[in-house]
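Sharing a structure here in structure tokens format.
The values are calculated or read from the model by the stated rules, or taken from the named source; none is laboratory data. Quantities reported herein were computed from a predicted structural model and do not represent experimental measurements. Heads up, the Cβs are rebuilt from the backbone with ideal geometry, glycines too, and the neighbour counts pull from every protein chain shown. In case anyone asks, the SASA skips ligands and DNA or RNA and just uses the protein heavy atoms, side chains included. Shrake-Rupley method; radii C 1.70, N 1.55, O 1.52, S 1.80 Å.
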Amino acid sequence: MSTAYLDFEKPIADLEAKIADLKTLPGEGEAGAVNVKDEIVRLEAKAAAQLNDMYKRLTPWQKTQVARHPDRPHFIDYVNDLIEEFTPLAGDRGFGDDHAIVGGLGRFKGESVVVMGHEKGYDTETRLKHNFGMARPEGYRKAVRLMDMADRFGLPIITLVDTAGAYPGLGAEERGQAEAIARSTEKCLTISVPMISVVIGEGGSGGAISIASANAIGMLEHSTYAVISPEGCASILWRDSARAADAAAAMKVTAQDLKSLKIIDQIIAEPIGGAHRDPMRTISDTGRFIERALAAQHNKSPQELKAERRQKFLEMGRNLQIA
Amino acid sequence: MADDKKSSSWLTSIRPRFNKVFGQQRETPDNLWHKCKKCSQMNFHRDLTAALYVCPNCNYHMRLGAKERLDSVFDRSDYRVIDLPDVTADPLRFRDEKKYTDRLRDARSKTQMKDAIIVGLGKVDDVDAVAVAQDFSFMGGSMGMATGEAIITAANLAVTKKAPLIIFAASGGARMQEGILSLMQLPRTTVAVNLVKEAGLPYIVVQTDPTTGGVSASYAMLGDIHISEPNATIGFAGKRVIEQTIREKLPDGFQTAEYLLEHGMVDMVVHRSQMKSTLSRVLRHLLKRGPAPEGAENDPLPLASPKPTNKPVDSASTGAEAEPPSPLLSTP
Ligand SMILES: [Zn+2]
């Protein structure tokens, strides 16, 4: 179980610390041991109920923090569990290999696919290597390369989105960040193979849409997807990045918001307390979503796949029912 | 289109129209002075409008409104303004320090526009074309659903009319007040311009100041040909965000049109006075049409990469020859 608690999880952290303490207590005689055991059971039930309650009513800003949780399963975890014979492929053939977007060939439920996604890293060393999941132009150009290859060989594409956004750096701009993102989005919308995307953590703006303009789009229950980070939005519109919670609420960044706006197709439920409390279950449920979404595309012609994907995006925002 | 065959320089022919437009819309009397932001020269307003808002003294390209832009590119400023679909107003009920609906209302009354974009159908040196112009003065030209639908409408029209599509981009990026719906305009506009490209029609982007954020990361970087205006800011991330991220100051000229030219992202940087003739020329080549008719401007093709003309040349220390001022940046 995770030990990294978010600020708003303080009551849970206190309870779980107490439970952990009790578990280390040497029982004083048989009766004492039973009492401690009962107390542990009682506290565990209390913590579970509180967690359940809390996670049912997460605010958009709290969800943003859950989506960014350091222990949340990452691209690599999904690949390890869902993809057999994963064969990573490197490089944009122009400048370098960007580790913020990882991708390659693999086998999903027996079928060969191209799989790619943002990888944030899990400790200081890997976070630096993967640039915290913030890609430079080479990342998007590698994505274009892989999508082209999938298209040539008729392989379905699975993408997992987890990025704060494209990297805002001097070199990235110098090498055409905007163009790279645009080309990657364009490639998503030009290919004739099935493409399924899941937002597993943060869906950060252009950096996300560039690999998520797909036939079917799922979002984990506590993931977010937005045009700009809440902090960025707050600093521009409120002139105060501390108003991020207000910005997150105003921008409607949650999976539930996006489902009601018909931007995504499905919400994938997370374990109580978030994906990081039960990564295996989260990953296998995500796998089930991908499997079903791919199956739904199975009998479509290449022309249909492309036309439907385009139509899906053209329809977005039309005929909105505003509550 | 009008059948007026009068042959005069396009600049001369649009001048009365310009003054009329500015006289009505911006309520600026002809005799007002306007101080250039860059060189501080006081210019007569009517001289500025005649020069398409390029400072006659220093060639600084001021921002041009969407209507003035289309006036400047279509023959005799004669074109059909295309009706654009209505979009759901304020889908998120967005409110920051101000309500989005109030911001929209203010922008509308300030600009007399429905949103930050207009679409026109007309002729460019006799070539039928659909041209789209964004207007920075309307909420920073930001891209929301209205912009998306405008570009989709323009693309469909171009395909129907078998006409090329020209987009004059002028936008700070996506409109945050429409949240995720504004982000979805990236794929939507990308689909739109691909319809034009797949129909075998030219798609030309003119990046004007500014072309940044989600706009630069979608249709504004997907043209067959990219033309930008001198000194326009073009890029993805904001300068402040980059400086905060890398914790260093950005070099002079970073994210300017000239910088993008140097880095291979645009084909040319063209002075506004030569924009129409340049567009006409590339369209005619791509469409395999003959040269422009009598009376159209026939400027030489841009050959050299434009450099600031007032750069001090230290030939003694480098031994290099002084670079001649680029024809693109000199006063026509
Ligand atoms: Zn000046």
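Right, residue A:200: crowded, with 24+ Cβ neighbours inside 10 Å, within 25 Å of residue A:284 (Cα to Cα) and in the same structural domain as residue A:266 (by TED's automatic domain parsing) or not? Spell out the reasoning first.
On the way: crowded, with 24+ Cβ neighbours inside 10 Å: yes; within 25 Å of residue A:284 (Cα to Cα): yes; in the same structural domain as residue A:266 (by TED's automatic domain parsing): yes.
Judged against the criteria, residue A:200 is a match.
For the stretch B:239-261, which residues satisfy the criterion of being more than 7 Å from chain A (Cβ to nearest Cβ) and either open to solvent by 40 Å² or more (accessible area, probe 1.4 Å) or at positive phi (or both)?
B:239, B:240, B:243, B:244, B:247, B:248, B:249, B:251, B:252, B:253
Wholly within the stretch A:210-323, which helices (runs of 4 or more DSSP H) include no fewer than the required count, namely at least 3 residues that are surrounded by fewer than 22 Cβ atoms within 10 Å (Cβ to Cβ) and more than 14 Å from the chain's Cα centre (by Cα)? Full working, then the answer.
Values: elements: A:230-233, A:244-251, A:255-260, A:279-297, A:302-315.
Correct list: A:244-251, A:255-260, A:279-297, A:302-315.
List the number of the failed condition for residue A:132; all other conditions in (1) surrounded by fewer than 24 Cβ atoms within 10 Å (Cβ to Cβ); (2) in contact (Cβ under 8 Å) with a residue 40 or more places away in the chain hold.
(2)
Please go through the stretch A:207-232 and give me each residue that is at the interface with chain B (Cβ under 10 Å from one of its Cβ atoms) and either touching a Pro at 6+ places or on another chain (Cβ under 7 Å) or under 19 Å from residue A:268 (Cα atoms) (or both), ordered by number.
A:208, A:209, A:212, A:213, A:214, A:224, A:225, A:226
While we're on this one: Helices (runs of 4 or more DSSP H) wholly in the stretch B:197-302 with at least 1 residues that are of a type in the set (Asp, Glu) and more than 24 Å from residue B:116 (Cβ to Cβ) - which ones?
Numbers: elements: B:213-216, B:239-246, B:257-262, B:275-286.
Passing ranges, in order: B:239-246, B:257-262.
Is it fair to say residue A:166 is closer than 21 Å to residue A:206 by Cβ, of a type outside the set (Lys, Arg) and under 21 Å from the mean Cα position of the chain (by Cα)?
Values: closer than 21 Å to residue A:206 by Cβ: yes; of a type outside the set (Lys, Arg): yes; under 21 Å from the mean Cα position of the chain (by Cα): yes.
Taking the combined requirement at face value, the residue satisfies it.
Ok, one more. Those residues that are open to solvent by 10 Å² or more (accessible area, probe 1.4 Å) and more than 14 Å from chain A (Cβ to nearest Cβ), I need them from the stretch B:200-217; list them, please.
Correct list: B:200, B:201, B:209.
Another question, if that's okay. So for the stretch B:174-191 (the condition being hydrophobic (A, V, I, L, M, F, W, C), surrounded by 24 or more Cβ atoms within 10 Å (Cβ to Cβ) and more than 8 Å from chain A (Cβ to nearest Cβ)), does at least one residue qualify?
No, every residue in the stretch B:174-191 fails to be hydrophobic (A, V, I, L, M, F, W, C), surrounded by 24 or more Cβ atoms within 10 Å (Cβ to Cβ) and more than 8 Å from chain A (Cβ to nearest Cβ).
Please find, within the stretch A:164-190, the residue that is nearest to residue A:135 (Cα to Cα) out of those that are crowded, with 24+ Cβ neighbours inside 10 Å and of a type in the set (A, V, I, L, M).
Per the criteria, the residue is A:166.
Quick one: count up the residues across the stretch A:186-206 that are within 9 Å of chain B (Cβ to nearest Cβ) and outside any strand (DSSP E or B).
Keep residues of the stretch A:186-206 that are within 9 Å of chain B (Cβ to nearest Cβ), which gives A:186, A:188-190, A:203, A:205-206.
Still in the list and also outside any strand (DSSP E or B): A:186, A:188-190, A:205-206.
Residues that pass the stated criteria total 6.
I need a count of the residues in the stretch A:281-313 that are of a type in the set (A, V, I, L, M, F, W, C), within 14 Å of chain B (Cβ to nearest Cβ) and in contact with a Lys or Arg (Cβ under 9 Å, 6 or more places away or on another chain).
Summing the residues that are of a type in the set (A, V, I, L, M, F, W, C), within 14 Å of chain B (Cβ to nearest Cβ) and in contact with a Lys or Arg (Cβ under 9 Å, 6 or more places away or on another chain) in the stretch A:281-313 gives 1.
Among the strands (runs of 3 or more DSSP E) contained in the stretch A:79-145, which hold 1 or more residues that are under 23 Å from residue B:236 (Cβ atoms) and touching a Pro at 6+ places or on another chain (Cβ under 8 Å)? Break it down into steps so the answer makes sense when it comes.
On the way: elements: A:83-88, A:101-108, A:111-118.
Filter on the stretch A:79-145 gives A:101-108.
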